[in-house]
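Everything on this sheet refers to the single structure shown next.
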Amino acid sequence: MITPVSEALSRFMRVGALISLLGSFHTLTLLLTWFAVTYDTLQRQALLGYWLNESFMLSLAAGALAGLAGVVASISRKINVVKIVVPSAASASAALAIISPIYSYILKMPRFEVVFNPEIGLFAAIFSGIGIAGAAVLAGLVSLSVKTQQVGGAWRAPTYQQYEVEPTTTEAEQAVVEQPEERAVGSGPNYSPAQNVPEGSQCVICYDQLTPETAYACNSCGALFHKDCADAWADLGGQCPNCGARLSR
């Protein structure tokens, strides 16, 4: 299913907020007890996550990357930037967040040659990393659902182009074409069946594929859309997404 760019940006914003939240939670697990260390079978000491230098740096980096994904998803309107940065930053964050506690458990703690047991902080760090990984998968799915096309060697979101329509025959219709902004609501439709519908054309309102049987064109600029979409858009007082002419039925 092809997702319109505006909807994809909205989805990225929600996923980015989730990634940032999970990244913040993972960073906060450094304040929890990761291990309980026993000395001489008598003394027991709690070892917090941020006391382990390598894990501390890895978890901070994971949180920073998760924050980057959230910021880009929230403020960037460039879909080609968002669809690359957000899944990439989230995936890297998830990898670091999972590696951090596992590294401390498998490699770091055995070097001390003491008896140790994992505590709640270690498990929280692991599960938060898994959560970030799940959010990264969601971001990847949103990225794959956005259709782009190559124009002049660069990738951009799909757009629409000007198409020729059948010339109008009456003076009133010609006035509407030349001055769409002055058209009064209720003076008749200012869109008509399209005469030329290139293969693969998309509706500029819903972004679904058009067929010659369902395609209507704006009399002002030739932008193509479904008749049902144009009727609904006109009822809402909408304007042509291409030229800004007031659509009326």
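The values are calculated or read from the model by the stated rules, or taken from the named source; none is laboratory data. Since the structure is predicted, the reported quantities are computational estimates derived from the model, not experimental observations. Every residue, glycine among them, receives a Cβ derived from its backbone with ideal geometry; neighbour counts consider all protein chains shown.
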Study note, to complete from the structure: Residue hits (the stretch 98-147; closer than 16 Å to L22 by Cα and of a type in the set (S, T, N, Q)) are S100, S128
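Yes/no per residue for (1) assigned to a helix (DSSP H, G or I); (2) in contact with an Asp or Glu (Cβ under 9 Å, 6 or more places away or on another chain); (3) surrounded by 19 or more Cβ atoms within 10 Å (Cβ to Cβ):
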position	(1), (2), (3)
A8	yes, no, yes
R14	yes, no, no
I19	yes, no, yes
L22	yes, no, yes
H26	yes, no, yes
T29	yes, no, yes
A36	no, yes, no
A46	no, yes, no
Y50	yes, no, no
Point to revise | From the options S76, S100, S24, residue that is among the small types (G, A, S), modelled with pLDDT under 95 and under 33 Å from the mean Cα position of the chain (by Cα) | key: S76
Practice item. Please work out which residue is surrounded by the most Cβ atoms within 10 Å (Cβ to Cβ), limiting yourself to the stretch 190-215 and to residues that are of a type in the set (D, E) and within 29 Å of the chain's Cα centre (by Cα). Key: D208
Study note, to complete from the structure: In the set G244, G222, the lone residue that is loosely packed, with under 15 Cβ neighbours inside 10 Å, outside the structural domain of V146 (by TED's automatic domain parsing) and in a loop (DSSP other than H, G, I, E, B) is G244
Check your understanding: Is it the case that the stretch 117-139 has a residue that's at pLDDT below 95, of a type in the set (S, T, N, Q) and part of a helix (DSSP H, G or I)?
Key -> no
Revision key, fill the gap. Filtering the stretch 203-249 down to residues that are hydroxyl-bearing (S, T, Y) and on the phi > 0 side of the Ramachandran plot yields Y207
Review point. Going through the stretch 79-97 one residue at a time, which ones are crowded, with 21+ Cβ neighbours inside 10 Å and more than 19 Å from A17 (Cβ to Cβ)?
Key: L96
Review point. Within the stretch 124-145, is there a residue that is surrounded by fewer than 22 Cβ atoms within 10 Å (Cβ to Cβ), in the same structural domain as V15 (by TED's automatic domain parsing), touching a residue at least 60 places away in the same chain (Cβ under 8 Å) and over 15 Å from R14 (Cα atoms)?
Key: yes
Check your understanding: Can you name the residue in the stretch 1-37 that is of a type in the set (G, A, S) and in contact with a strand residue (DSSP E or B) (Cβ under 9 Å, 6 or more places away or on another chain) and is also farthest from A136 (Cα to Cα) among such residues?
Key -> A36
